[in-house]
Amino acid sequence: MTFLIDERVFSAIAAALTFLAFYPYIRAILKGRTRPHVFSWFIWAAVTFTVAIAQLAGGAGVGAWPIALSGLITGGVALLALSKAADTSIIRMDWVFLILAATALPLWWLTSDPLSAVLILTSVDLLGFGPSIRKAWALPHEENALFFTIGAIRNGFVILALEHYSWTTALFPAAVGIACLAFVGFVLVRRSSRTSSEKSWHRQDSARRGL
């Protein structure tokens, strides 16, 4: 019973961190400071909610609740980003990612194996970072590093909240948590690089002008 209470506490912390991460992120979108790639968010919404269903089937219990909550809110962010005319640059591969996400659930029904769905969806979710990485390379200041940092911490608590540990229940939060940290590192490095390049350009421009 003690373990069940602990799992519920971890699940509640993960859910609270989900709201903590999304609230400033949504505010930043509304104020135009953050411009997420719409397709990444539609992919993540479809993937996250379907994984929650697969986790529940795999015995994750309360550990799947924050993932389901995140899937619902992620879908809302995708719609909000679209309505705010966020970055909608879409290439053919983005459509491939979305189709894979959309077909994963029927594949699960055909195989009756939630692990198959989780493996496919985890791969698709990680590939969903592709459009955002392409965008962050050129415009790193339009991504919210704090959001993804909190997301990584949240996934740590999701793992602690699992009632049953297996590849089906633990793979997705572990992989996405690591991916969030990697993306944060990428954004910060690109910001530093852009800042250094801009300072160098300004120094050269000032020298040319004799300032």
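The values are calculated or read from the model by the stated rules, or taken from the named source; none is laboratory data. Remember, it's a predicted structure, so these values are computed and weren't measured experimentally. We place every Cβ from the backbone using ideal geometry, glycine too, and count neighbours over all the protein chains shown. Ligands, DNA and RNA are excluded from the accessible area calculation, which covers all protein heavy atoms including side chains. Shrake-Rupley method; radii C 1.70, N 1.55, O 1.52, S 1.80 Å.
Annotations for the structure displayed:
- Subset tally (residues that are under 17 Å from Leu69 (Cα atoms) and either aromatic (Phe, Trp, Tyr) or over 19 Å from the mean Cα position of the chain (by Cα) (or both)) for the stretch 162-173: 2
- Residue match in the stretch 70-91 (condition: modelled with pLDDT under 90, farther than 20 Å from Asn144 by Cα, in a helix (DSSP H, G or I) and open to solvent by less than 10 Å² (accessible area, probe 1.4 Å)): no
- Output for the stretch 7-39, where each listed residue is in a helix (DSSP H, G or I) and of a type in the set (Lys, Arg): Arg8, Arg27
- Leading residue by the ranking (farthest from Gly185 (Cα to Cα)) among those in the stretch 97-117 that are at pLDDT below 75 and among the aliphatic types (A, V, I, L, M): Leu110
- Those residues of the stretch 137-169 which are among the acidic types (Asp, Glu) and open to solvent by less than 20 Å² (accessible area, probe 1.4 Å), in sequence order: Glu143
- Failed item in (1) surrounded by fewer than 19 Cβ atoms within 10 Å (Cβ to Cβ); (2) modelled with pLDDT under 85, with Ala54 passing the rest: (1)
- If only residues of the stretch 118-135 that are modelled with pLDDT of 85 or more and closer than 13 Å to Phe186 by Cβ are counted, the one that is least open to solvent (accessible area, probe 1.4 Å) is Phe129.
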